Amino acid sequence: MQKDWMKSTASYTFTEKDHKNGVKHNFSYVAKDASAEVIAKFGNILGALTEGKLLDVTVATTDHVSVNEPVKEPVPAAAPQA
């Protein structure tokens, strides 16, 4: 079996003057290696644009698992010869 990353999405929750219980803003196509720091910084930018306060962020990742292919084991590097 082989597991491959397909996509990630982020759901930002804000409180705003018209949404005291929170409102969600969803974004697709989040980079595979996006760090928590980058995701939080983007949320702060969104908060400034929407005049909202960032409550939390949920990142969801979708992976594909191939059940018909053998697992690809990494080949260990050869030790240098003396």
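The numbers here are math on the coordinates, done by the rules we state, and not lab data. It should be emphasised that the depicted structure is a prediction, and the values quoted were computed from it without experimental measurement. Neighbour counts are summed over all protein chains in view; Cβ atoms, including those assigned to glycine, are modelled from backbone coordinates with ideal geometry.
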Can you give me the three principal axis dimensions of the chain from its C-alpha atoms, in Å, biggest first? 67, 38, 16
Against the longest alpha carbon principal axis of the chain, how many degrees, from 0 to 90 and to the nearest 10, is the axis of helix 36-50 turned? 20 degrees
In this structure, the FRET efficiency calculated for VAL38 and ALA79 from their beta-carbon separation, with R0 = 35 Å, to the nearest 0.05, is 0.40
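Would you mind calculating the relative contact order of the chain from Cα pairs under 8 angstrom and at least 6 residues apart, reporting the percent as a whole number? Working shown, then result.
Working: 119 pairs, mean separation 37.4, N = 82.
46 percent.
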Calculate one ³J(HN,Hα) per residue across the stretch 5-10 by plugging θ = phi - 60° into the Karplus curve 6.51 cos²θ - 1.76 cosθ + 1.60, and present them in order as whole Hz with x for glycine and proline. 5, 10, 6, 9, 10, 10
Cα→Cβ-extended label distance, 7 Å offset, between ASP56 and LYS7, nm: 2.4 nm
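Taking only DSSP H segments of four or more residues, each worth -39500 (n - 2.57), what value at 222 nm results for the chain once the sum is divided by all its residues, to the nearest 500 deg cm²/dmol? Intermediate values should be presented prior to the final figure.
Details: 1 runs with 15 residues, N = 82.
Here the helix-only value at 222 nm equals -6000 deg cm²/dmol.
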